[in-house]
1. Would you mind counting up the charge near ASN128? Only other residues with Cβ under 14 Å from its Cβ, with Lys and Arg at +1 and Asp and Glu at -1.
2. Can you tell me the dipole magnitude for the chain around its Cα centre, using point charges on the Cβ only (Lys, Arg +1; Asp, Glu -1), in Debye to the nearest 20?
3. Considering only protein heavy atoms and a probe of 1.4 Å, how much of the accessible area of the stretch 22-212 is carbon and sulfur, as a whole percent?
4. Between SER210 and residues 5 or more places away or on another chain, which pairs have amide H atoms under 5 Å apart, with H built 1.01 Å from N, and which residues are they?
5. Can you list residues from other chains, or at least 5 along the same chain, whose modelled amide H is less than 5 Å from the amide H of PHE217?
6. Give me the angle, in degrees from 0 to 90, between the Cα long axis of helix 219-235 and the longest principal axis of the Cα atoms of the chain, rounded to the nearest 10.
7. Which net charge results when you count Lys and Arg as +1 and Asp and Glu as -1 among the other residues whose beta-carbon is under 14 Å from that of PRO289?
8. For the residue pair HIS111 and THR203, what label-to-label distance in nm results when each label sits 7 Å from Cα along the Cα-to-beta-carbon direction?
Amino acid sequence: MAFVTRQFVRSVSSSSTASASVKKIIVKHVTVIGGGLMGSGIAQVAAATGHTVVLVDQTEDILAKSKKGIEESLRKVAKKKFAEDPKAGDEFVAKTLSSITTSTDAASVVHSTDLVVEAIVENLQLKNELFKRLDKFAAEHTIFASNTSSLQITSIANATTRQDQFAGLHFFNPVPMMKLVEVIKTPMTSQKTFESLVDFTKTLGKHPVSCKDTPGFIVNRLLVPYLMEAIRLYERGDASKEDIDTAMKLGAGYPMGPFELLDYVGLDTTKFIIDGWHEIDAKNSLFQPSPSLNKLVTENKLGKKTGEGFYKYK
């Protein structure tokens, strides 16, 4: 009933696309849930572009590490951006850091935020539990967004009563450097919410692209099957992984070959994505698991982060 009432009120106040556009949410206050690499990066770019940010994670220790990482990243940015004026660079770092506060209690800080961006572990149940809880405390106008790269946005949105104010905001790693953001619109996402998020990404200095809630969105939907096909090519013995990498770098102009990229991303990450897609659509030939990928993950050979994947690293 709460959802029906909420939807009715919104439909009355936004009777047309034109009026919805006029009343777009201007995002000034952002709450980022998850202090890992992605969450910290999102918090950094938001704070650096004039937004006030609350970064949330489970413990003060995690948040202290996140804040330290953000400061180190900012100093690298400042060194390049203010090469001729170190003092201005120091002021930039200090101002940006002053715009970020931290908390271990998400529910207590979302009451006045314009946007909640979730960047926690890729676990649907945990994401649903988080958003279901925050839905009770967030302001009526607050937009919810997930940074998931592989899970269905609709499935996460359905844990809330504000499906019309829920979308995907998929940033890329490292967030301060990568210009692209995929803005994912579910069948329930309102035009007002979608346009508000597009505007927000532009204020971050990013380039937004839009996509429906399809597995992998744009980038991963094209990238992951390409990586998996490279593995299958190798499994069939059609070419060595070294020659496949060389061919794609010199023939297609890619900065990394598929096996180099797999090791860089993490074989466990690729396996997680392809297993999830296979579960959704087992008959799709693009989503078939790989025996060699599964074996390497089972052996904890996950790529660069463990010292060995398809290649060995010192």
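The values are calculated or read from the model by the stated rules, or taken from the named source; none is laboratory data. All of these numbers come straight from a predicted model, not from anything done at the bench. Note: ideal-geometry Cβ built from the backbone for every residue, glycine included; neighbour counts use all protein chains shown. Note: areas computed on protein heavy atoms with side chains; ligands, DNA, RNA excluded. Shrake-Rupley method; radii C 1.70, N 1.55, O 1.52, S 1.80 Å.
1. Counting the neighbours of ASN128, the net charge comes to +1.
2. Dipole of the chain, to the nearest 20 debye: 560 debye.
3. Of all accessible area on the stretch 22-212, carbon and sulfur atoms account for 56 percent.
4. It is VAL183, by chain and number.
5. Hits under the 5 Å cutoff: none.
6. The angle comes out near 20 degrees.
7. Net charge in that neighbourhood comes out at -2.
8. Taking the two extended label points, one gets 2.3 nm.
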